[in-house]
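A short worksheet on the structure shown next.
The values are calculated or read from the model by the stated rules, or taken from the named source; none is laboratory data. A quick note: this is a predicted structure, and the numbers were derived from the prediction, not measured. Virtual Cβ from ideal backbone geometry, glycine too; neighbours counted across all protein chains shown.
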Amino acid sequence: MSAALRIPPQIEPASAALLSDPLDFFFAEHFRQRKLCNLIEEMALAETLDWALTAEVLDFLRHDAVLHVRDEEEDLFPLMRERCPPEDEIERVLSALNAEHAGDRHLADIVIEGLEKALAAAQPPSALPGLREAMIDFARNERRHLALENSVVLPLARRRLSPDDLVRLSANLLRRRQEGAGEENA
């Protein structure tokens, strides 16, 4: 399908109804991030600039990805630390994920800056030195990160978090999105 025929958005927003089941919401967000990785790789290899897709990816990296990391670092991970017994070795996993978040943010910033330059120059990312590689590195790292969260953190959360924890987690995710929507409308 040609870029001109694409119907935005390429990355569908997660259903707000999923916020009532926050672990399903995290899984859905991880699916959206895998879609982002696919699109970033597609853009990195493309010989033409897809303006709409570039704008969508930039928006996701600037907003959705940042919000998701806050959801994990401010809510999910602290709950996991409280609820998981030492034999789960969750601290080791969460410490690695927190460190990866910092590395991912650095790579995301490089990708954002590069995509902004691509738009300003009206050139595909592949035409800018180092951008293709940074985009592919970002996608590869993000997929590895998501695999760890989906295979270890979310299944463990399903076993360890109480119904009250899930209600509190849901409320915090919803509040963060409502605050974000208020800031965008201000």
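Confirm whether GLY114 is touching a Gly at 6+ places or on another chain (Cβ under 8 Å) and either exposed (fewer than 14 other Cβ atoms within 10 Å of the Cβ) or charged (D, E, K, R) (or both).
Here the answer is no, as GLY114 does not meet what is asked.
Suppose we filter the stretch 148-164 for residues that are assigned to a helix (DSSP H, G or I) and of a type in the set (S, T, N, Q); how many remain?
Of the residues in that region, 2 qualify.
From VAL167, VAL152, grab the single residue that is of a type in the set (A, V, I, L, M, F, W, C), under 20 Å from the mean Cα position of the chain (by Cα) and either modelled with pLDDT of 95 or more or under 21 Å from LEU19 (Cα atoms) (or both).
VAL152
If I filter the stretch 77-92 for residues that are closer than 25 Å to ASN38 by Cβ, part of a helix (DSSP H, G or I) and in contact (Cβ under 8 Å) with a residue 40 or more places away in the chain, do I get at least one hit?
no
I need every pair where a residue in the stretch 121-133 that is touching a residue at least 24 places away in the same chain (Cβ under 8 Å) has its Cβ under 9 Å from the Cβ of a residue that is aromatic (Phe, Trp, Tyr), sequence separation at least 6 or different chains.
Between residues of the stretch 121-133 that are touching a residue at least 24 places away in the same chain (Cβ under 8 Å) and residues that are aromatic (Phe, Trp, Tyr), the close pairs are ALA122/TRP51.
For the stretch 76-92, which residues satisfy the criterion of being surrounded by 15 or more Cβ atoms within 10 Å (Cβ to Cβ) and either among the charged types (D, E, K, R) or more than 18 Å from the chain's Cα centre (by Cα) (or both)?
LEU79, MET80, ARG83, CYS84, ASP88, ILE90
Failed condition for SER170, given (1) among the small types (Gly, Ala, Ser); (2) out of contact with any Ser or Thr (no Cβ under 9 Å at 6 or more places or on another chain); (3) crowded, with 16+ Cβ neighbours inside 10 Å; (4) more than 30 Å from TRP51 (Cα to Cα), with all others met?
For SER170, the exception is condition (2).
Could you grab the pairs with beta carbons closer than 8 Å, sequence gap of 6+ or different chains, first residue in the stretch 13-33 and more than 13 Å from LEU67 (Cα to Cα) and touching a residue at least 12 places away in the same chain (Cβ under 8 Å), second one of a type in the set (S, T, N, Q) and surrounded by fewer than 17 Cβ atoms within 10 Å (Cβ to Cβ)?
What qualifies is PHE27/ASN150; ALA28/SER15.
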